[in-house]
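Here the structure comes first, spelled out in structure tokens, and everything after it is commentary.
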Amino acid sequence: MIREAIVTTQDRAGAVHVAPIGLIEEGEHLVIAPFRPSRTLDNLRENPFAVANYTDDVRVFAGCLTGRRAWSTRPATKVAGAVLDGALAHAELSVVGVAEDAVRPRFRCAVVHEATHAPFRGFNRAQAAVVEAAILVSRLHMLPFDRIERETAYLKIAIDKTAGPREREAWDWLIEKIAAHRAAAQAGPGA
Ligand SMILES: Cc1cc2nc3c(=O)[nH]c(=O)nc-3n(C[C@H](O)[C@H](O)[C@H](O)COP(=O)(O)O)c2cc1C
């Protein structure tokens with residue numbers, strides 16, 4: 001079971017980094033598996049704490065993938081970490097073990113504090129579509145154009161039928177990024 005969350009980490013100096021990360025449930029622990037290289041990975045080595053922020057504001061997922069990382073946070077309660085303002089709930093995590101790996105080290109975390117801030121108001125297909133499109137954007141460099149086109153065309157059905165303003169804004173950021181990637185690739189190297 002993987003939960004798509006917004007993970008906040010901090011470097012030694014306390015600078016906050018916000019990134020969408022899939023948290024792997026393993027019994028009572030949550031595993032963060034950042035690819036190398038990444039800021040999340042560097043931060044977890046400098047400061048072995050994180051906050052799992054559970055949010056239905058999918059602009060944060062799309063924003064982090066499109067250069068919009070300035071999401072406001074407040075200090076966590078029990079760890080040296082940051083809670084995303086607007087999270088419906090959050091879990092404060094402490095790293096209890098690291099499995100080293102050449103591609104994707106795994107940080108096993110204990111949940112040391114949890115809090116709920118707002119109710120879950122049900123599933124929304126457009127939110128799921130934005131999360132899927134954000135995953136596509138995170139893999140643009142390795143996916144063929146026809147696959148990206150086919151999958152975004154399918155995901156757009158849920159956007160058109162069920163999105164609210166936040167989902168539409170998030171979707172537009174991702175589509176812009178896909179278009180820019182395609183234009184740059186078609187212009188070719190040196191253009
Ligand atoms: C829903 C979702 C889940 C993701 N899960 C992971 C993950 O488990 N590990 C990872 O390294 N990147 C993951 N990514 C990609 C990161 O969010 C993105 O590459 C990010 O910039 C990580 O690098 P950073 O820590 O340097 O910001 C995910 C992206 C999305 C949209």
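The values are calculated or read from the model by the stated rules, or taken from the named source; none is laboratory data. The model shown is predicted, which means the values in this text are computed figures rather than measured ones. So basically every Cβ, Gly included, is an ideal-geometry build from the backbone, and we count neighbours across all protein chains shown. To get the accessible areas, we keep the full protein, side chains included, count just its heavy atoms, and leave off ligands, DNA and RNA. Shrake-Rupley method; radii C 1.70, N 1.55, O 1.52, S 1.80 Å.
Quick rundown of the values:
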read-out: Residue within the range 159-176 that is among the charged types (D, E, K, R), loosely packed, with under 13 Cβ neighbours inside 10 Å and farther than 27 Å from Pro37 by Cα present; value: yes
read-out: Residue in the range 181-188 that is open to solvent by 80 Å² or more (accessible area, probe 1.4 Å), of a type outside the set (D, E, K, R) and not in a loop (DSSP other than H, G, I, E, B) present; value: yes
read-out: Conditions (1) more than 23 Å from Glu132 (Cβ to Cβ); (2) surrounded by fewer than 16 Cβ atoms within 10 Å (Cβ to Cβ): number failed by Val79; value: (2)
read-out: Of all residues in the range 10-23 being in a strand (DSSP E or B) and in contact (Cβ under 8 Å) with a residue 60 or more places away in the chain, the one that is nearest to the ligand (Cβ to nearest atom); value: Pro20
read-out: Residue that is most open to solvent (accessible area, probe 1.4 Å) [pool: residues in the range 65-76 that are in contact (Cβ under 8 Å) with a residue 12 or more places away in the chain and assigned to a loop (DSSP other than H, G, I, E, B)]; value: Arg69
read-out: In the range 13-37, residue nearest to the chain's Cα centre (by Cα) [restricted to those that are open to solvent by less than 30 Å² (accessible area, probe 1.4 Å) and not aliphatic (A, V, I, L, M)]; value: Gly22
read-out: Subset of the range 30-64 (residues that are in a strand (DSSP E or B) and either closer than 22 Å to His117 by Cα or touching a helix residue (DSSP H, G or I) at 6+ places or on another chain (Cβ under 8 Å) (or both)); value: Leu30, Ile32, Phe49, Ala50, Val51, Ala52, Asn53, Tyr54
read-out: The range 31-49, residues that are in contact with a strand residue (DSSP E or B) (Cβ under 6 Å, 6 or more places away or on another chain) and within 11 Å of the ligand (Cβ to nearest atom); value: Val31, Ile32, Ala33, Arg39, Thr40, Asn43, Leu44
read-out: Contacts under 8 angstrom Cβ, first residue in the range 118-134 being more than 12 Å from Ala62 (Cα to Cα), partner open to solvent by less than 60 Å² (accessible area, probe 1.4 Å) and acidic (Asp, Glu), 6 or more apart; value: Phe120/Asp56; Arg121/Asp56; Asn124/Asp56; Asn124/Glu167; Ala126/Glu167
read-out: Val58 vs. criteria surrounded by 22 or more Cβ atoms within 10 Å (Cβ to Cβ) and either under 28 Å from Ile178 (Cβ atoms) or near the ligand (Cβ under 10 Å from one of its atoms) (or both); value: yes
read-out: Verdict on Gly86 being touching an Asp or Glu at 6+ places or on another chain (Cβ under 8 Å), open to solvent by less than 70 Å² (accessible area, probe 1.4 Å) and modelled with pLDDT under 95; value: yes
read-out: Options Arg108, Arg147: the member that is open to solvent by 30 Å² or more (accessible area, probe 1.4 Å), in contact with a His (Cβ under 8 Å, 6 or more places away or on another chain) and at pLDDT 95 or above; value: Arg108
